[in-house]
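Student: Sending over a structure as structure tokens; questions will come in a sec.
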Protein chains: 2
Amino acid sequence: MKAELISIGTELLLGEVIDTNAAFLAARLAHCGLNLYYKSVVGDNLKRGSEILKTALLRSDVVVINGGLGPTADDLTREIVSKVTDRRLVGDPALAREIKAWFQKRHGAAYKMPANNLRQAVLPQGARPIRNTQGTAPGFFLELGAKLIVALPGVPGEMKTMFTESVEPHLKSLAGGQILVSRNLNFAGIGESSLEEKLSDLLAAQANPSLALYASRGAVRLRLTAKAQSEKEGWRLIAPWEKRIRERCAAYLYGTDEETLEQAVGLKLSKAGLTVSLAESCTGGLIGHRLTNIPGSSNYFLRGYVAYSNEAKIDDLKVPRETLAEYGAVSEQTARAMAKGVQSRAASDFGLAVTGIAGPGGASAAKPVGLVYIGLASPGDTIVVRHNFSGSREQIKERAAQTALYCLWRAI
Amino acid sequence: MKAELISIGTELLLGEVIDTNAAFLAARLAHCGLNLYYKSVVGDNLKRGSEILKTALLRSDVVVINGGLGPTADDLTREIVSKVTDRRLVGDPALAREIKAWFQKRHGAAYKMPANNLRQAVLPQGARPIRNTQGTAPGFFLELGAKLIVALPGVPGEMKTMFTESVEPHLKSLAGGQILVSRNLNFAGIGESSLEEKLSDLLAAQANPSLALYASRGAVRLRLTAKAQSEKEGWRLIAPWEKRIRERCAAYLYGTDEETLEQAVGLKLSKAGLTVSLAESCTGGLIGHRLTNIPGSSNYFLRGYVAYSNEAKIDDLKVPRETLAEYGAVSEQTARAMAKGVQSRAASDFGLAVTGIAGPGGASAAKPVGLVYIGLASPGDTIVVRHNFSGSREQIKERAAQTALYCLWRAI
């Protein structure tokens, strides 16, 4: 079944609000086994809203409208549905009583409810109300032969509860039981196009599950989505594909779904009972910030130095003054000395060091913006890798931090 | 002029990604004086993408397409535009060279770039490329009589830079007429509702400019928006309002528009010729990360310690072992010793220290999650302030960092 999403609200078109409802609804529709093909946003305008709904009803089976159900004159969803489906608006006395009761519960029995709230007790003829236990705006279902309109309020908390409690069971029964099950595999240390080459035969052979690659904030993700009659069957379809990809990409695949690289690093360190300390120059504390976003990180992260100045590198990390003088702060030699220095000072198993030029200043012909050395002192040996990152100052910091965490993850 | 926005990407329809680009683009289009009437999202599908673009070109003057410009076979924006406008796709040798150079810069001259990246050097005939200095996917303008297509990549950082540098000037010249001029005033150290009370008379009297308060990530912002025939007229309308607000809120108003608190801190330190060093416990490096996001921060930020363990606090910051034993790591006494310790060790003018319980573990009845002490050693004296922040681990870290930077900003 084809689903379509319409968000109504001028604030969404002015860029003042980020439409997080859309992501929630999209994910839940997919889970219910509906294929979401289109999503539209339109302002609080009767003509344009009607036009969008008319188009949606021609090409989709289920149209979910989000927003425009409030009490004020610019909340037009009821009018839009009435106009497009040619059904007049009728007051629902039971709804009116519920809305009044909601206000009295909230503000006391003596409270005089603003009259405009009764607009919310009016529905297109034939519509079935969807109760809102958390606010005053009810939603509604309207069936039109084989097509279905679902209208929900825009307030995220109210919409989510109503969708989960009332809409989802109905949609699942309509979709005939077929649902979508998804797993994301998260990669680091490899680019989107290199990963595509590595998996080209699998990507070409995909059917159910489908495979989709995308990049987000320094990580690359592969999404496997199976259509199935049940969750269990979905996972059974995904499993052999996931296994082949894991075997082929073990060096880069650090986690699944919402798992971050710092979580994967923390998990490995905890399991192995090992510790790490940090010597950050150009990343300025970002790696420490990411590691300490993980609850319990104090068990394996001992301490960090943001050694921004040469004096700090000498004083805290025991980088020899001559190394800095001969090779400079951004050099293989300095990265090595920083990594070993912090490992020894913190008495940690690993010492991870980053020194580089985040720009825009500080570069020379021999040492351009984006040049970063990552040093890792392990129990056995110390390695240093040279990188040339591109982008803005913040992107270079982000990429350096991501790559440094990846080095550590590989080494544990 | 009527504008329309099309976001392309199956991930947006599966609800895995929140479309933050849309809010950015909507706000910038409004600023350019364009009326955004429709926004659509469609998956990576040639037929449905073409259908959406065809409709958009019938009803809007400027169509901005976001996403679908990557190197892989499911990046279809080029093909969609080619099909709908009936222009064949032509390779642009200059773009191909730029893309190759980007990879060589990143991976060295010997690197063999995956061939699929050259898909990005192909554009519909007559299109004018929009340079991407931060990635490989160029965008493009395509003029069709009085209509204009603008295609931009989906990666937020790349898209935003390209829009600001290349697209905005062009759209402003097209729009010609009435524009919106906006200024954001950024506040720290005060909550949204307290600020609303302070400004209630002004908020009630607003007309042109309009005033809107909103909270975003630990900061509170007030947006003044004037409708005017020119930028100059817009600023003239805003100026007297801004002046009154500045006079009333000087202790909290640290900057305007995109200015961050760390920029404001950096500016004050630079002007005064003063330096700072950091001793971070629960913020884990976040304050250092924020300070070093500012180019030139090495002039005033000397070094930082992420003293996560007691040993680090004793060893690096000379916190007396007895202080830790008697009062604990999260205490006024420890925060004071950390601030003075780092100030003295780094020989900086200011020493800023944070120690607290970010949770979810580590709390007790006397020391709940969210308890944070911020210490600031200044040339004259040392102060410590106790805070109780709420929220998740990451929110507590964010609020502690923001408040610590605010303390420093006030003191300089």
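The values are calculated or read from the model by the stated rules, or taken from the named source; none is laboratory data. Remember, it's a predicted structure, so these values are computed and weren't measured experimentally. Heads up, the Cβs are rebuilt from the backbone with ideal geometry, glycines too, and the neighbour counts pull from every protein chain shown. Heavy atoms of the whole protein, side chains included, go into the accessibility calculation; ligands, DNA and RNA do not. Shrake-Rupley method; radii C 1.70, N 1.55, O 1.52, S 1.80 Å.
Student: I'd like the full set of residues that are surrounded by 16 or more Cβ atoms within 10 Å (Cβ to Cβ), in contact with a helix residue (DSSP H, G or I) (Cβ under 9 Å, 6 or more places away or on another chain) and among the small types (Gly, Ala, Ser), limited to region B:292-327.
Tutor: B:SER297, B:GLY304, B:ALA307, B:SER309, B:ALA312
Student: Return a yes/no flag: does region B:306-315 have any residue that is within 25 Å of A:TYR305 (Cβ to Cβ), of a type in the set (Phe, Trp, Tyr), part of a strand (DSSP E or B) and not assigned by TED's automatic domain parsing to the domain that holds B:GLY191.
Tutor: No, region B:306-315 contains no residue that is within 25 Å of A:TYR305 (Cβ to Cβ), of a type in the set (Phe, Trp, Tyr), part of a strand (DSSP E or B) and not assigned by TED's automatic domain parsing to the domain that holds B:GLY191.
Student: Separate question: Could you list, in sequence order, all residues of region A:253-269 that are out of contact with any Ser or Thr (no Cβ under 9 Å at 6 or more places or on another chain) and among the aliphatic types (A, V, I, L, M)?
Tutor: A:LEU253, A:LEU261, A:ALA264, A:VAL265, A:LEU267
Student: For region A:374-395, which residues satisfy the criterion of being under 30 Å from the mean Cα position of the chain (by Cα) and of a type outside the set (A, V, I, L, M, F, W, C)?
Tutor: Result: A:HIS387, A:ASN388, A:SER390, A:GLY391, A:SER392, A:ARG393, A:GLU394, A:GLN395.
Student: On to the next question. Taking the options B:ASN132, B:ASN116, name whichever one is over 30 Å from B:ARG59 (Cα atoms), polar (S, T, N, Q), surrounded by 15 or more Cβ atoms within 10 Å (Cβ to Cβ) and not assigned by TED's automatic domain parsing to the domain that holds B:LEU222.
Tutor: Answer to the check: B:ASN116.
Student: Please go through region A:1-48 and pick out each residue that is more than 7 Å from chain B (Cβ to nearest Cβ), part of a strand (DSSP E or B) and either in contact with an Asp or Glu (Cβ under 7 Å, 6 or more places away or on another chain) or open to solvent by less than 30 Å² (accessible area, probe 1.4 Å) (or both).
Tutor: Of everything in region A:1-48, those that are more than 7 Å from chain B (Cβ to nearest Cβ), part of a strand (DSSP E or B) and either in contact with an Asp or Glu (Cβ under 7 Å, 6 or more places away or on another chain) or open to solvent by less than 30 Å² (accessible area, probe 1.4 Å) (or both) turn out to be A:LYS2, A:ALA3, A:GLU4, A:LEU5, A:ILE6, A:SER7, A:ILE8.
Student: Can you tell me which condition A:ALA347 does not meet? The list is (1) open to solvent by less than 20 Å² (accessible area, probe 1.4 Å); (2) of a type in the set (A, V, I, L, M, F, W, C); (3) within 12 Å of chain B (Cβ to nearest Cβ), and all the others hold.
Tutor: Every listed condition holds for A:ALA347 apart from (1).
Student: Taking only region B:123-140 into account, find how many residues are among the aliphatic types (A, V, I, L, M), at pLDDT 90 or above and touching a helix residue (DSSP H, G or I) at 6+ places or on another chain (Cβ under 6 Å).
Tutor: 1
Student: Just to be sure before I move on: is B:SER230 open to solvent by less than 50 Å² (accessible area, probe 1.4 Å) and either within 12 Å of another protein chain (Cβ to nearest Cβ) or aliphatic (A, V, I, L, M) (or both) in the structure I sent? If you could, list the steps in order and put the result at the bottom.
Tutor: Working: open to solvent by less than 50 Å² (accessible area, probe 1.4 Å): yes; either within 12 Å of another protein chain (Cβ to nearest Cβ) or aliphatic (A, V, I, L, M) (or both): no.
Judged against the criteria, B:SER230 is not a match.
Student: Select from region A:224-251 the residues that are in contact with a helix residue (DSSP H, G or I) (Cβ under 7 Å, 6 or more places away or on another chain) and within 22 Å of A:CYS32 (Cβ to Cβ) and list them in ascending order.
Tutor: The answer is A:LEU224, A:ALA226, A:ALA228.
Student: Considering (1) touching a residue at least 40 places away in the same chain (Cβ under 8 Å); (2) in a helix (DSSP H, G or I); (3) not acidic (Asp, Glu), say which one A:THR334 fails and leave the rest.
Tutor: (1)
Student: Taking only region A:159-189 into account, find how many residues are within 25 Å of A:GLU398 (Cβ to Cβ), within 14 Å of chain B (Cβ to nearest Cβ) and open to solvent by less than 30 Å² (accessible area, probe 1.4 Å).
Tutor: Selection size over region A:159-189: 3.
Student: Here is a follow-up. For region A:76-113, how many residues meet the condition of being open to solvent by 80 Å² or more (accessible area, probe 1.4 Å) and under 30 Å from A:LYS47 (Cα atoms)?
Tutor: Number satisfying all stated conditions: 4.
Student: Here is a follow-up. Which one of the conditions (1) within 34 Å of the chain's Cα centre (by Cα); (2) assigned to a loop (DSSP other than H, G, I, E, B) does A:ALA329 fail to meet, given that it meets all the rest?
Tutor: Result: A:ALA329 passes all but (1).
Student: Continuing with the same structure: Checking the condition touching a His at 6+ places or on another chain (Cβ under 9 Å), modelled with pLDDT of 95 or more, open to solvent by 20 Å² or more (accessible area, probe 1.4 Å) and not aromatic (Phe, Trp, Tyr), which residue from A:THR382, A:THR403 passes?
Tutor: A:THR403
Student: I would also like to ask the following. Test each condition in (1) in contact with a Pro (Cβ under 8 Å, 6 or more places away or on another chain); (2) away from chain B (no Cβ under 13 Å) for A:THR72 and report the one that comes out false.
Tutor: Tallying (1) in contact with a Pro (Cβ under 8 Å, 6 or more places away or on another chain); (2) away from chain B (no Cβ under 13 Å), A:THR72 fails exactly one: (1).
Student: Tally up the residues in region A:276-305 that are within 17 Å of A:ALA337 (Cβ to Cβ), part of a strand (DSSP E or B) and more than 8 Å from chain B (Cβ to nearest Cβ), please.
Tutor: 2
Student: Looking at region B:251-277 only, could you name the residues that are of a type in the set (A, V, I, L, M, F, W, C), touching a strand residue (DSSP E or B) at 6+ places or on another chain (Cβ under 9 Å) and surrounded by fewer than 19 Cβ atoms within 10 Å (Cβ to Cβ)?
Tutor: Those that are of a type in the set (A, V, I, L, M, F, W, C), touching a strand residue (DSSP E or B) at 6+ places or on another chain (Cβ under 9 Å) and surrounded by fewer than 19 Cβ atoms within 10 Å (Cβ to Cβ): B:LEU267, B:LEU274.
Student: Which is at pLDDT below 95 and of a type outside the set (S, T, N, Q), of B:ALA151, B:ALA115?
Tutor: Just a single option satisfies the conditions, and that option is B:ALA115.
Student: Hey, another quick one. Which ones in region A:57-74 are in contact with a strand residue (DSSP E or B) (Cβ under 9 Å, 6 or more places away or on another chain), surrounded by fewer than 23 Cβ atoms within 10 Å (Cβ to Cβ) and farther than 19 Å from A:GLN125 by Cβ?
Tutor: From region A:57-74, those in contact with a strand residue (DSSP E or B) (Cβ under 9 Å, 6 or more places away or on another chain) are A:57, A:59-69; that's our starting set.
Then keep just the ones that are surrounded by fewer than 23 Cβ atoms within 10 Å (Cβ to Cβ); that gives A:57, A:59-61.
The answer is A:ARG59, A:SER60, A:ASP61.
Student: State all residues of region B:97-116 that are facing chain A (nearest Cβ under 9 Å) and farther than 16 Å from A:ASN388 by Cβ; if no residue qualifies, say none.
Tutor: B:PRO114, B:ALA115, B:ASN116
Student: How do the strands (runs of 3 or more DSSP E) wholly within region B:174-275 filter down when requiring 1 or more residues that are touching a Gly at 6+ places or on another chain (Cβ under 6 Å): which remain?
Tutor: B:179-187, B:219-228
Student: Can you tell me which condition A:GLU280 does not meet? The list is (1) open to solvent by less than 10 Å² (accessible area, probe 1.4 Å); (2) within 27 Å of B:THR136 (Cβ to Cβ); (3) of a type in the set (D, E, K, R), and all the others hold.
Tutor: (2)
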